[in-house]
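The values are calculated or read from the model by the stated rules, or taken from the named source; none is laboratory data. All values reported here derive from a predicted model rather than from experimental measurement. Positions of Cβ are generated from backbone atoms using ideal geometry, with glycine treated the same way; all protein chains shown enter the neighbour counts. Side chains included, ligands, DNA and RNA excluded: accessible areas come from the protein's heavy atoms. Shrake-Rupley method; radii C 1.70, N 1.55, O 1.52, S 1.80 Å.
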Amino acid sequence: MTQRKVAVVTGSNKGIGFGIVRGLCKKFDGDVYLTARDETRGQEAVASLEKEGLKPKFHQLNIDDLASIQRLRDFLKSTYGGLDVLVNNAAIAYKAAATEPFSEQAEVSCRVNVFGVINTCNELFPLLRPHARVVHVSSFVAKMVTDKNATVKKIFGDSKLTQEGLIDLVNDFVKCAKAGNHEAKGYANTAYGMTKVAVSALTGIQQQQFNKDPREDIIVNSADPGYVNTDMSSGKGKKTIDQGAIEPLACALLPANVGAPKGETITSGTKVLPVF
Ligand SMILES: NC(=O)c1ccc[n+]([C@@H]2O[C@H](COP(=O)([O-])OP(=O)(O)OC[C@H]3O[C@@H](n4cnc5c(N)ncnc54)[C@H](OP(=O)(O)O)[C@@H]3O)[C@@H](O)[C@H]2O)c1
């Protein structure tokens with residue numbers, strides 16, 4: 001087993017995740033895993049960074065497939081005996097012109113963007129070493145939702161909310177979306193936005209758990225990359241992927257025993273984005 005530190009970035013064959021891997025390869029003192037649900041796309045992305053003189057490693061990871069997450073967990077455990085940086089970047093977003101019914105968009109978005117992240121955390125958190133850093137790539141859209149929707153802000157921002165309570169809320173949102181009454185019940189009419197609110201809420205809940213964890217100084221934050229030129233934004237974002245990677249990288253590389261940010265959603269450097 002190697003003594004080297006190790007970082008993992010989900011959904012990093014393209015877009016902001018690819019930029020985060022590039023940045024970690026330059027700044028993180030350890031092995032950096034570019035992961036992708038599709039092996040070929042992942043290996044092509046690794047080859048492209050190798051042409052820049054960087055040396056990312058590759059592992060397959062589909063966050064929508066528990067067996068895939070568990071294969072990565074077992075590999076990390078046997079090869080490194082732990083994990084030092086986890087960046088939960090992978091996510092999906094339906095386009096505004098998507099023809100899938102809202103009920104389907106809500107179910108699939110929550111399955112990948114929320115439950116995929118929770119499953120990844122549940123499987124990989126036991127591997128985190130002291131001083132580990134976890135980053136969820138969230139979005140300014142989370143704040144846009146809570147600014148416009150007092151009910152969402154109140155129930156997802158409840159300081160007593162637990163992970164189980166959050167899962168119940170997200171399942172209830174999906175159930176209401178299928179019944180067509182999600183807005184009447186106080187939820188926002190955006191599947192993607194609701195998933196990013198949930199991820200920001202998850203961040204605070206997880207940090208409360210880490211604060212009680214016997215492993216020293218484990219920190220989780222969400223990072224808003226801004227509006228970035230990727231396939232998700234249909235190329236409309238103004239930032240490059242390297243600019244979008246700045247906030248996630250700042251969170252991933254927080255120095256040991258730093259006081260803040262902890263359990264926050266951050267934006268523009270390390271400024272706190274008050275989602276709740
Ligand atoms: N772009 C923006 O302006 C913006 C703004 C705020 C926040 N964000 C957030 O930034 C993150 C990255 O977004 P992006 O703009 O870079 O999007 P992107 O270009 O669409 O890239 C998304 C990445 O996630 C992967 N992915 C999707 N589902 C997956 C799954 N089940 N398992 C593993 N990987 C999966 C994709 O893989 P495939 O290639 O196989 O599809 C791709 O590598 C997301 O969390 C997004 O919500 C983006």
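Observations on the model:
- Between the C-alpha center of the range 84-162 and that of the range 207-276 there is a gap of 13 Å.
- Among V85, V46, V199, residue whose mean-square fluctuation peaks in a GNM of the chain (springs only between Cα atoms under 10 Å): V46
- Most mobile listed residue (S139, S159, S12) in the chain, GNM with C-alpha springs under 10 Å: S159
- Å² of accessible area per residue within the range 7-79, as computed with a 1.4 Å probe and no ligands counted: 46
- Nonpolar atom fraction for the chain, defined as the carbon and sulfur part of the 1.4 Å probe accessible area, stands at 50 percent.
- Förster radius 25 Å - calculated FRET efficiency between T151 and N171 (Cβ-Cβ, nearest 0.05): 0.90
- Solvent-accessible surface of the range 85-241, taken per residue with a 1.4 Å probe and all protein chains present: 43 Å².
- Within the listed set A36, A198, A250, the Gaussian network model of the chain (springs between alpha-carbon atoms below 10 Å) gives the highest mean-square fluctuation for A250.
- N189 versus K57: modelled label distance in nm, points set 7 Å from Cα along the beta carbon direction: 4.9
- Computed helical MRE - 222 nm, the chain, DSSP H runs ≥ 4 contributing -39500 (n - 2.57), nearest 500: -13500 deg cm²/dmol
- The length gained on full extension between E50 and K27, counted as 0.36 nm times the residue separation minus their Cα-Cα distance, comes to 6.7 nm.
- Built amide H within the under 5 Å cut-off of Y33, gap 5+: A7, V8, V9, K57
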